[in-house]
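Presented below is the structure to which this report refers.
The values are calculated or read from the model by the stated rules, or taken from the named source; none is laboratory data. All values derive from a computational prediction rather than experimental measurement. Here Cβ is always computed from backbone atoms with ideal geometry, including for glycine, and neighbour counts include all displayed protein chains. Heads up: the accessible areas ignore ligands, DNA and RNA and are worked out on the full protein's heavy atoms, side chains in. Shrake-Rupley method; radii C 1.70, N 1.55, O 1.52, S 1.80 Å.
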Amino acid sequence: MNSFVHIQLSQDPTYTTIGFIFTIASYILIPLIGSLFYIYQKDNATFNFLPQRMSYPKYLKKGFLSSFLGGFLLSFFTSIYEIIFVKLTLSGINYSVNGYFKEVGTPSFSNNTLIEVVSIIILNALGWGIYSMFIFALNLYIPKIIFSIPSGFLFFLIITLLISTFGNRNSLVMVISGTLFPEALVSPGFTTFYGLAYPINYYLQFILSAVFYICLALVLAVIWKKRRLKYGKN
């Protein structure tokens, strides 16, 4: 998303102030694209408390599906647009040269091949879809829609500050940090930890992070459903 905006504004991607602003915007907007309507329904009498009437399992399934598709499709089509825009206005794309993005340490991008470009686009989209599902599950516990809106970025900020206190003590800590770090999920292969590559391949790091956030989202949803059925509230 940052590179998408930088392309439109013709700005240097290293311009960190703008990058940070659009990181905030990305983590707020993308997770809400598909889930905002279902979050708004949750405790809103205007919809005659639709989740209760349609049954909580159906509500959760539709909310998860809509959240995933919203994050996935927005990320996917943004990436496609970037490639088309660069192809038509800046330069052609040569898939035979060495990849530009290489992490310090164990390389993640060995060559700038077509299959690698496609895999990154798909992984980015999957990552945003999974993160959107998690934010939807997290927002089940937030009673006011106004507090749900910045939840995607606030969670990202809290986790980033939390793992920054651990440091790069050893490989295990770095793998755990990579699993928790949302950027490893939504931008696999593009992030480092204290300037060092994660000790495992970014595909494996992505899988660990994806499994973690999917499981966490499901656990949050199940607990919320049971509490609603038992107490009628969060």
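Once neighbouring chains are kept in place and the probe is 1.4 Å, which whole percent of the accessible area of segment 136-177 is contributed by carbon and sulfur?
79
What are the chymotrypsin sites (Phe, Trp or Tyr not before Pro) within segment 128-188 that DSSP puts in a loop, where the Cβ has at most 16 other Cβ atoms within 10 Å? Numbers along the way, then the final one.
Numbers: sites: 128, 131, 134, 136, 141, 147, 153, 155, 156, 166; in loops: 141, 166.
Sparse-neighbourhood loop chymotrypsin sites (Phe, Trp or Tyr not before Pro): 141, 166.
Given H placed 1.01 Å from N in the peptide plane, which residues other than close sequence neighbours of residue 201 have an amide H under 5 Å from its amide H?
Answer set, sorted by chain and number: none.
Find, among the trypsin sites (Lys or Arg not before Pro) in segment 53-83, those assigned to loop by DSSP (not H, G, I, E, B) with at most 14 other beta-carbon atoms within 10 angstrom. Present the calculation step by step, with values, prior to reporting the outcome.
Numbers: sites: 53, 58, 61, 62; in loops: none.
When the trypsin sites (Lys or Arg not before Pro) of segment 53-83 are filtered for loop state and at most 14 Cβ neighbours within 10 Å, nothing remains.
Please turn the phi angles of segment 150-156 into ³J(HN,Hα) values with the Karplus equation 6.51 cos²θ - 1.76 cosθ + 1.60 (θ = phi - 60°), one per residue in order, whole Hz, x for glycine and proline.
x, 4, x, 6, 4, 5, 4
Apply the Karplus parameterisation 6.51 cos²θ - 1.76 cosθ + 1.60, with θ equal to phi minus 60°, to every residue of segment 130-147 and state each ³J(HN,Hα) to the nearest whole Hz, in sequence, with x for glycine and proline.
Coupling constants for segment 130-147: 5, 5, 5, 4, 5, 5, 4, 5, 5, 6, 4, 9, 9, x, 10, 4, 5, 7 Hz.
Between residue 154 and residue 20, what is the label-to-label distance in nm when each label sits 7 Å out along the Cα-to-Cβ direction?
With each label placed 7 Å out from Cα toward Cβ, I get 2.0 nm.
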